4 protein chains.
Amino acid sequence: MTGEQPSAALDAFEERFRRLSNWGRWGPDDQRGALNLITADKVRRASTLVRRGRTFSLQLPLDEHGPQTGAFGRVNPVHQMVATGTDHAAGAQEYGMGWGYADDSLFLYLQGGTQWDALAHIFRDGRMYNGYPASLVTSKGAARNGVEHYATLATRGVLLDLPRLLGRPYLEPGEGVGPELLEAACQRQGVEVEPGDIVLLRTGDMARRRRLPQWDGYAAGDAPGLTIASTDWLAAHDVAGVASDTWGVEVRPNELPGSFQPVHLLLVVAMGLAVGEIWHLDDLAADCAEDGVYEFLLVAPALVIPGAVGSPVNPQALK
Amino acid sequence: MTGEQPSAALDAFEERFRRLSNWGRWGPDDQRGALNLITADKVRRASTLVRRGRTFSLQLPLDEHGPQTGAFGRVNPVHQMVATGTDHAAGAQEYGMGWGYADDSLFLYLQGGTQWDALAHIFRDGRMYNGYPASLVTSKGAARNGVEHYATLATRGVLLDLPRLLGRPYLEPGEGVGPELLEAACQRQGVEVEPGDIVLLRTGDMARRRRLPQWDGYAAGDAPGLTIASTDWLAAHDVAGVASDTWGVEVRPNELPGSFQPVHLLLVVAMGLAVGEIWHLDDLAADCAEDGVYEFLLVAPALVIPGAVGSPVNPQALK
Amino acid sequence: MTGEQPSAALDAFEERFRRLSNWGRWGPDDQRGALNLITADKVRRASTLVRRGRTFSLQLPLDEHGPQTGAFGRVNPVHQMVATGTDHAAGAQEYGMGWGYADDSLFLYLQGGTQWDALAHIFRDGRMYNGYPASLVTSKGAARNGVEHYATLATRGVLLDLPRLLGRPYLEPGEGVGPELLEAACQRQGVEVEPGDIVLLRTGDMARRRRLPQWDGYAAGDAPGLTIASTDWLAAHDVAGVASDTWGVEVRPNELPGSFQPVHLLLVVAMGLAVGEIWHLDDLAADCAEDGVYEFLLVAPALVIPGAVGSPVNPQALK
Amino acid sequence: MTGEQPSAALDAFEERFRRLSNWGRWGPDDQRGALNLITADKVRRASTLVRRGRTFSLQLPLDEHGPQTGAFGRVNPVHQMVATGTDHAAGAQEYGMGWGYADDSLFLYLQGGTQWDALAHIFRDGRMYNGYPASLVTSKGAARNGVEHYATLATRGVLLDLPRLLGRPYLEPGEGVGPELLEAACQRQGVEVEPGDIVLLRTGDMARRRRLPQWDGYAAGDAPGLTIASTDWLAAHDVAGVASDTWGVEVRPNELPGSFQPVHLLLVVAMGLAVGEIWHLDDLAADCAEDGVYEFLLVAPALVIPGAVGSPVNPQALK
């Protein structure tokens, strides 16, 4: 499968995969990965970041205007009414005392909007995070590493606003975000990334493409994002996770010719990080720019869907 | 419709509906209801309740073991895999570098599990909260009072553990929770309910029925819960919302003969409270019993589903 | 609503609506409409048209390559596997004797592919076919005129191949098919349309657009099709129904300024015809061109979905 | 897997599997199986069976009253309205000339109601009909033996009404239907089963259980049906398919201890028969009893769902 790769790049990738691996770090039965870095003390300290009492939602609306255009079979969510106020108004609901109601349903791809990847979302050579066989993820769901292990999630969040750093409205598709850029953003913003943090990486990609026809190739197309080298920086800071306003967090075209999303192999499979995609960071970024504070309490649990390999999330940033 | 009701009870209900009404209180265009009581200062103070750094999920798993048995057409969620590890293991996914992935989808009734009712969920005589016509809730969704107005939600939560108060494992179906019981729980627990709080009402009903066949009539059957009179107490304390471990928060059989869920008319339509149902409060309750602290930071936003009349939620209680 | 229409055109439309109306023709409780014209004798005679024993499917594949691009909220069907052969191969299915299975599900818009409109699909001024109030079609489905009344359907089918008649590969969007063209096609093909027949109208529109990006506006865009005047011809021949290879059977842009699908009001609401859309007529047409026989036994029941307002159908033409 | 089986029974099963196998009979690339037995001449002759012009639907309604209770994850279909007459009546649909419409969607398990099994539905030891690897049936569907190969289906149908033969209202769960009973039914009814026929096997099981709570275990429970030995009879008569009014066509409890649906291995995997389940045969049976004619034209194509392993079907019997 990998025969056409330049062997030096492959060897380096392989070395990095092994070096950054967290397999076994939290025990052979662990299914929570780097979220284990969020200790009770970490949560307590993160809560002290709520200084002004402002709450921000980082979720893109779950509707037909979402970014999905069919890649990987994903379509935007389908919201359907099961009972309506027009039925009530027409006298078609028969309850006493003028009582009426509306009900509804939703069909959604769990990777379709603002989401967490579960640790069962990505495989390498038949294995997933912590060494479990990929074949444990069957048509019945993930017997290991399901998204239900993200049922609680509160920690310190740090926003790195790259367009602001660079003095441009957005990063270009194909523009890589490496360790130097991450470090520069921290320094410019006067913030340090610490163990157990979740880093929110704003590229401006969503803001730019969201209103364009078909989102201008946002889903599965070229995008700005993390480089392979950036994973060293994330590992050095021992973050619990990373989320971005792009479709796939990592830079595309991918850095290794012939590969697809190699950074996912490092982040999800090797390191067991919580990876968040399609996050809506613009309102929060505007506020951070205004008050100069880029850290906050981030509360962003997955829905408890046993065996799921992803989950929609409405992350709350409390400042 | 209401001819068979004793006129005194009806008159009293009507008087209470008018007296407790919050229509117009937050302006003629308001769609957020009592969540307006959650000020920035309220959020800030609530964050100081995170003392030990413990996080609790209050969501029942979203799976086929849920409480729905067909009432109101609702069925339990359907989780389906779109790509699997077995496909990857069988070599059916063609990516370089041994890369593989799993994807999935979910179909769910938005009223089917741990949820928020939107203010567009309940009507009375052709109107919903703040006086909007029910006919604004069409097959295309709610043009007013949709659940997207609950996109941010962080405040102080207070758990009232009624079985513990009464020295019994659970309240019985049909057992009403009135103002006296609510007050007694507060005093016993040494906690005061304040404006902008969300009250979590544990009845033990979920814990008792969850493992029984078909949940023993939990959905749409008789249940313990709030009485009509309890709404005065909630109004007097100016709470932002109330959630419970039952199917419908209010006592059933309903107190007015021939009526269905009259308390919903008061809570949702008149007062504009956030009403949460099917919340899983048992783990949190055990912890509160242990440390004697029944207040916490509650972070429980709805998913941002524009025009939806309900939403699943994974509420986080941070102590 | 109709004030901006030229009054002469409107008056003529109104007159035609009344003149062609079949309301009451098959009794005040009828819900089957013009399918009543298919008598047992009609079926028997139609069966004699099976001369060579050839069977044709007239259904477009129900898959993600379908014509829907979001108009009216419709998306193409979503087929999902519930159990797979890769699960079986991976040993994840635990049955004795090497037994394994695959299962699947489908989510589809009932108007999304090759389909029948139910008589409850279209309304005019609050009424549907046979005078039933539109308000009988609630969130719970159609209490009258549902597609389950098309549970049996076998009759004589007649294909009118208009591109062949005109010596062109397809009719253009906006090109109307009036009584003269219908009559000319019959004469050219040596076939007469009789009471109880279902007329299949081939325009070539599907063949032309099917492979183009987004089907080149096929769904809800301009299209060739029946004119208002053509309804007189259909009525004079007392057909049971009409189906076409276009999105909506009738010509678009619509003939009355400011109106949408006025021919549907005549065909469905007034006349109670079975109207079929997005039918795949090309293979059948090629065979008819070859043997010169344009009549056949058509067996095309709806699925029995009680209360549905449309249904997918795999029509079989037996020659 | 099979160690606990009496070896004689297993050997006999294995011998029968090999003896009845049709792998390769219609070429190494065949995906249509025994439907190949339906020649043009067969269709032509079958059409002459339409003597009275009566049409019967053999489909159970696709609704929430169906037989599924969760076995194999299957639930009954979910029909949802996307646009309603109450919306139209409330003035919420903005079209000129009083035009209004209703739309809807359906979510269904393809094995949930009256259906055809595709040849990709059942595996044995990693293989499906004609020897294709089971691993060709992935999360993306069946790359071989999908139900789209049943896109045309018209042939002679023969109803064998077993309760009528036995003078009882229904066969009991666990009651096997072997070659003798099949032969006796033919003789009693004065009908002969011929190559290319589809045999409809009425047991009365649906009629008995349909109105009972949860269908009294109809789905995946014990049932009357075909025995292992009956497959010899079906092979001897070279039928194209067999359908029944039970959940699974074959007798349950299954005849080989520790096995699940061994007859499916013979019918589907070895012989490549079209197998129909949950067919509603009662109305047709009543008519056959009345006129004494048990043969008819059967038109019963699958929906054209590429890669699907099953399909709903509304079979039409024309007499």
Run the accessible area of the protein assembly as shown with a 1.4 Å probe and give the carbon-and-sulfur part as a rounded percent. 49 percent
Fully extended contour minus Cα-Cα distance, from residue B:166 to residue B:180, at 0.36 nm per residue: 3.8 nm
Lys and Arg at +1, Asp and Glu at -1: neighbours of residue B:141 with Cβ under 12 Å from its Cβ sum to -4
CD proxy at 222 nm, helix term only [per DSSP H run n ≥ 4: -39500 (n - 2.57); per residue of chain B; nearest 500]: -5500 deg cm²/dmol
Exercise: per-residue mean of other protein chain Cβ atoms within 10 Å, D:153-164: 1
Choice from D:102, D:120, D:240 showing the highest fluctuation, given a GNM over chain D with Cα pairs closer than 10 Å: D:102
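Interface C/D, total buried accessible area with a 1.4 Å probe, nearest 100 Å²? Write down the numbers at each step before the final one.
Details: alone 14090 and 14090 Å², together 21130 Å².
Using a 1.4 Å probe, the pair buries roughly 7100 Å².
To the nearest 0.05, what FRET efficiency results for residue D:64 and residue B:290 with a Förster distance of 35 Å applied to their C-beta separation?
On the way: r = 44 Å, r/R0 = 1.27.
Efficiency computed from Cβ-Cβ geometry: 0.20.
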Which one, D:67, D:88, D:169, projects farthest toward the positive side of the charge dipole computed for region D:63-222 from Cβ point charges (K/R +1, D/E -1)? D:169
Other chains near A:36-46: what is the mean number of their Cβ atoms within 10 Å of each residue's Cβ? 3
So which residue, out of B:34, B:300, B:184, gets the largest mean-square fluctuation from a GNM of chain B using Cα contacts under 10 Å as springs? B:184
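Could you give the longest part of chain A that holds none of the GluC sites (Glu not before Pro) found in DSSP loops with at most 15 neighbouring Cβ atoms within 10 Å?
Numbers: sites that count: A:4, A:64, A:94, A:192.
Between exposed loop sites, the widest span is A:193-319.
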Mind checking which of D:109, D:36, D:133 is farthest towards the positive end of chain D's charge dipole, using Cβ charges of +1 (Lys, Arg) and -1 (Asp, Glu) about the Cα centre? D:36
For region C:206-218, what does the Karplus curve 6.51 cos²θ - 1.76 cosθ + 1.60, with θ = phi - 60°, yield as ³J(HN,Hα) per residue in whole Hz, taken in order and with x for Gly and Pro? 5, 4, 6, 8, 4, 9, 7, x, 6, 6, 6, x, 4
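Just check region B:13-142 against the gyration tensor rule for me: Cα atoms, a ≥ b ≥ c as the square roots of the eigenvalues, rounded for a/c under 1.5, and otherwise prolate or oblate depending on whether a/b exceeds b/c. Don't jump to the answer; show the numbers that get you there.
Working: a/c = 2.65, a/b = 1.72, b/c = 1.54.
The shape class here is prolate.
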Along its principal axes, what span do the Cα atoms of region D:246-319 show, with the longest given first and each in whole Å? 43, 32, 19
Rounded if a/c is under 1.5, else prolate if a/b beats b/c, else oblate: with a ≥ b ≥ c from the C-alpha gyration tensor eigenvalues square-rooted, which is region D:181-319? rounded
If amide hydrogens are placed 1.01 Å from N in the peptide plane, which non-local residues have theirs closer than 5 Å to the one on residue D:76? D:68
Spin-label model distance (nm) - residue C:255 vs residue D:9, 7 Å beyond Cα toward Cβ: 7.1 nm
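Pick out, in residue order, every one of the trypsin sites (Lys or Arg not before Pro) in region C:208-243 that is DSSP loop and has at most 11 other C-beta atoms within 10 Å; say none if there are none. Before the final figure, lay out the partial values.
Numbers: sites: C:208, C:209, C:210, C:211; in loops: C:210, C:211.
Within region C:208-243, the qualifying trypsin sites (Lys or Arg not before Pro) (loop, at most 11 other Cβ atoms within 10 Å) are C:211.
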Per-copy distances of the residue B:255 label point, shortest first, in nm (7 angstrom along Cα→Cβ): 6.4, 6.5, 6.6
Here the averaged projected area of chain C, based on the convex hull of its alpha-carbon atoms and given in nm², is 19.5 nm²
Can you put D:84, A:69 in order of accessible area, largest first, using a 1.4 Å probe? A:69, D:84
In nm, what does the list of distances from residue D:216 to its counterparts in the other copies look like, shortest first, when each label sits 7 Å along Cα to Cβ? 2.9, 5.9, 6.6
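Viscosity 0.890 mPa s, temperature 25 °C: give me the Stokes-Einstein translational D for the protein assembly as shown in µm²/s, with Rh taken as the Kirkwood radius over C-alpha pairs. Can you show the working numbers first?
Values: Rh = 32.6 Å.
Estimated via Stokes-Einstein, D reaches 75 µm²/s.
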7 Å along Cα→Cβ, label-point gaps from residue B:179 to other copies, nm, shortest first: 6.6, 7.7, 8.4
Tell me the label-point distance for the pair residue B:211, residue D:212, using the 7 Å Cα-to-Cβ offset, in nm and rounded to one decimal. 3.0 nm
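In the neighborhood of residue B:20, defined by Cβ-to-Cβ distances under 14 Å, what is the net charge if each Lys or Arg adds +1 and each Asp or Glu adds -1?
Taking every other residue near residue B:20 into account, the sum is +1.
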Over region A:44-120, consider all pairs of different Cα atoms and compute the Kirkwood hydrodynamic radius from their mean reciprocal separation; express it in Å, one decimal. 16.5 Å
Only residues of region A:241-271 count here: report those whose backbone N is under 15 Å from the spot 7 Å along Cα→Cβ of residue A:125, or say none. A:265-266, A:269-271
Given a 1.4 angstrom probe, what's the average accessible area per residue across the protein assembly as shown, in square angstrom? 31 Å²
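Taking loop as defined by DSSP and a crowding limit of 16 other beta carbons within 10 Å, which trypsin sites (Lys or Arg not before Pro) in region D:22-81 fit?
Details: sites: D:25, D:32, D:42, D:44, D:45, D:51, D:52, D:54, D:74; in loops: D:25, D:32, D:51, D:52, D:54, D:74.
Sites meeting the loop and neighbour criteria: D:25, D:51, D:52.
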Violations at 27 Å Cα threshold for listed pairs C:319/D:319; A:42/A:140; C:42/C:140 -> A:42/A:140; C:42/C:140
With a Förster distance of 30 angstrom and the Cβ-Cβ distance between residue D:19 and residue D:51, calculated FRET efficiency to the nearest 0.05 equals 0.20
Can you tell me the dipole magnitude for the protein assembly as shown around its Cα centre, using point charges on the Cβ only (Lys, Arg +1; Asp, Glu -1), in Debye to the nearest 20? 0 debye
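Once a ≥ b ≥ c are taken as the square roots of the eigenvalues of the Cα gyration tensor of region B:142-244, is the result rounded (a/c under 1.5), prolate (a/b larger than b/c) or oblate (a/b not larger than b/c)?
oblate
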Rounded to whole Hz, the Karplus (6.51, -1.76, 1.60) HN-Hα couplings of region C:141-154, x for glycine and proline: x, 8, 6, 9, 6, x, 6, 5, 6, 9, 5, 10, 7, 9
Looking at the protein assembly as shown, send over the antiparallel percent of its DSSP beta bridges, to the nearest 5. 70 percent
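Please tell me the relative contact order of chain C in percent, rounded to the nearest whole number, where contacts are Cα pairs under 8 Å and at least six residues apart.
Details: 710 pairs, mean separation 94.6, N = 319.
Rounded, it is 30 percent for chain C.
The values are calculated or read from the model by the stated rules, or taken from the named source; none is laboratory data. Here the structure is a predicted model, which is why all the values come from computation and not from measurement. Neighbour counts are summed over all protein chains in view; Cβ atoms, including those assigned to glycine, are modelled from backbone coordinates with ideal geometry. Accessible surface is based on the protein model in full, side chains and every heavy atom, while ligands, DNA and RNA are left aside. Shrake-Rupley method; radii C 1.70, N 1.55, O 1.52, S 1.80 Å.
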